[in-house]
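Here the structure is laid out as structure tokens; the discussion comes afterwards.
The values are calculated or read from the model by the stated rules, or taken from the named source; none is laboratory data. The shown structure was predicted, so the numbers you read here are calculated from the model rather than taken from an experiment. With ideal geometry, Cβ positions are generated from the backbone for all residues, glycine too; neighbour counts draw on all protein chains shown. Protein only, heavy atoms only, side chains kept; ligands, DNA and RNA dropped before computing areas. Shrake-Rupley method; radii C 1.70, N 1.55, O 1.52, S 1.80 Å.
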Amino acid sequence: MALHAACAAGRGLPSSSSSPRAGGRPGSVAFAAPLRTRAVQTKAVLSSDGAPGMSNSPHVVCFGELLIDFVPTVNGVSLAEAPAFKKAPGGAPANVAVGIARLGGSSAFIGKVGDDEFGYMLADILKQNNVNTQGLIFDAHARTALAFVTLRSDGEREFMFYRNPSADMLLEEKELELDLIRKAKIFHHGSISLITEPCKTAHIAAAKAARDAGVLVSYDPNLRLPLWSSAEDARHGILSIWETADVIKISEEEVSFLTNGEDPYDDAVVKKLIHSNLKLLLVTEGPDGCRYYSKDFSGRVGGLKVTAVDTTGAGDAFVAGVLSQLATDFSLLQDEGRLRDALKFANVCGALTVTGRGAIPALPTRQQVLDSLTSVVA
């Protein structure tokens with residue numbers, strides 16, 4: 001079916017206030033978590049068995065959108081035909097943050113949600129998964145973003161977004177927790193927060209703070225065409241920060257999109273996307289695994305064959321798998337053998353995620369990944 005964005009069609013959830021929304025909405029009120037008694041704590045904790053909990057200085061800081069995915073309870077139907085929807089927490093950068101924490105890593109999320117039931121539900125979910133929420137902001141006048149996701153019979157997705165605007169679009173530079181970014185080992189971001197102001201300016205400022213502090217910058221464009229005004233704007237926006245990233249993950253479809261329809265399986269085409277300072281370019285190929293490209297080596301790592309129920313979050317799980325290992329040892333970038341092992345691990349993360357509905361609910365634990373690694377094709 002055709003894809004439609006609610007923001008493009010002028011549809012969206014009603015605001016809880018009549019305050020104006022345009023031009024950065026000067027009448028808006030925003031505040032940092034926690035505010036209510038059920039809001040999120042950000043202190044580092046240890047569980048009873050000594051395992052790490054939330055960290056005040058997380059290794060990986062993820063910036064961007066946090067939202068609710070509504071996924072049909074059955075596959076292969078349109079939104080209108082779906083008998084019911086299951087709500088699931090999502091948003092690519094948030095998925096990565098939770099994925100890293102669930103794998104035993106240390107992560108934080110920076111972004112904005114609405115001061116509404118969904119916003120607090122999402123904050124609680126981050127807390128439950130040991131994600132640092134020091135940088136999570138609540139907006140008193142904008143709603144938490146929603147995405148309705150249709151699942152075709154093959155498990156692939158089509159999207160309809162409700163952002164008119166949603167709270168994630170309204171994060172401002174002055175609201176950033178820059179110290180959180182500067183103390184991290186890795187800063188991970190996407191492209192959706194580049195679409196509109198004021199979040200675009202906040203996004204650029206956050207990435208600059210990371211680079212200036214010597215933090216490794218990870219980038220997954222996470223192309224969602226319905227959110228952009230045109231394909232050309234999407235291509236330009238995604239590439240506008242391309243050369244600031246140290247590690248980039250893209251899908252085969254995104255290779256084709258960014259190269260104006262060229263063959264994504266041609267290494268010569270992929271290598272056009274490698275910039276001079278790039279340390280690692282990763283191209284995911286769904287069940288077939290991934291390809292990797294660096295200045296010194298390149299290759300392919302096979303994936304784990306599973307029955308796909310919902311592919312939402314598979315790429316985010318893969319990124320979480322890569323970054324969770326890279327955060328503990330940057331030398332993986334120079335050692336092809338160990339990098340291949342890391343990518344096998346990441347491929348399994350992605351594969352296990354597609355066996356359940358929704359992104360965050362389906363993200364695997366480290367032990368689940370280790371138990372499945374023996375089935376990966378070399």
| said: With a cut-off of 8 Å between alpha carbons and a minimum separation of six or more residues, what is the relative contact order of region 60-367 in percent? | reply: 18
| request: Pop out the ³J(HN,Hα) list for region 322-337 in order, Karplus 6.51 cos²θ - 1.76 cosθ + 1.60 with θ = phi - 60°, rounded to Hz; leave Gly and Pro as x. | output: 5, 5, 4, 8, 5, 5, 8, 6, 5, 5, 4, 5, 9, 10, 4, x
| task | Please give the contour-minus-distance gain from ASP288 to ARG211: 0.36 nm per residue of separation, less the Cα-Cα distance, rounded to one decimal in nm. | result | 24.4 nm
| Which ³J(HN,Hα) values in Hz, rounded to whole numbers, follow from the phi angles of region 246-262 under the Karplus curve 6.51 cos²θ - 1.76 cosθ + 1.60, where θ = phi - 60° and Gly and Pro get x? | 8, 10, 10, 10, 9, 8, 4, 5, 6, 4, 4, 4, 6, 9, 6, x, 6
| Nonlocal amide H pairs with GLY114, under 5 Å, H built at 1.01 Å | GLY119, ASP139, THR144, ALA145, ALA167
| Potential extension, GLN128-ASN260 segment - 0.36 nm per residue separation minus Cα distance | 43.3 nm
| query | At a 1.4 Å probe, what is the % contribution of carbon and sulfur to the accessible area of region 96-163? | reply | 45
| Amide H partners (placed H, <5 Å) of HIS188, local residues excluded | VAL61, CYS62, PHE63, SER218
| request: Using θ = phi - 60° and the Karplus relation 6.51 cos²θ - 1.76 cosθ + 1.60, list the HN-Hα couplings for region 94-101 in order, rounded to whole Hz, with x at every Gly or Pro. | output: 5, 4, 5, 4, 5, x, 5, 5
| query | What nm value, rounded to one decimal, do you get for the distance between MET121 and ASP179 when each label is placed 7 Å out toward the C-beta? | reply | 3.4
| By a straight-distance test (C-alpha under 16 Å), which aspartates and glutamates pair with LYS295 as possible cross-link partners, with residues fewer than eight away in the same chain excluded? | GLU243, ASP246, ASP267, ASP335, GLU336
| query | If the cut-off is 25 Å between C-alpha atoms, which lysines fall inside it for LYS112, apart from same-chain ones fewer than 8 positions away? | reply | LYS43, LYS86, LYS87, LYS127, LYS174, LYS183, LYS185, LYS200, LYS208, LYS249
| task | Could you pull the accessible area for ASP124 with a 1.4 Å probe, rounded to 10 Å²? | result | 40
| request: Could you tell me what percent of the accessible area of region 185-314 is made up of carbon and sulfur, with a 1.4 Å probe and every protein chain present? | output: 50
| query | Long-range amide H contacts for SER106: which residues qualify at under 5 Å (H placed 1.01 Å from N, peptide plane, sequence gap of 5 or more or a different chain)? | reply | HIS59, VAL60
| query | Rounded, prolate or oblate: which fits region 60-367 when a ≥ b ≥ c are the square roots of the eigenvalues of the alpha-carbon gyration tensor, with rounded for a/c under 1.5 and prolate only if a/b beats b/c? | reply | rounded
| request: Among DSSP beta bridges lying fully in region 60-367, give the percent that are antiparallel, nearest 5. | output: 40
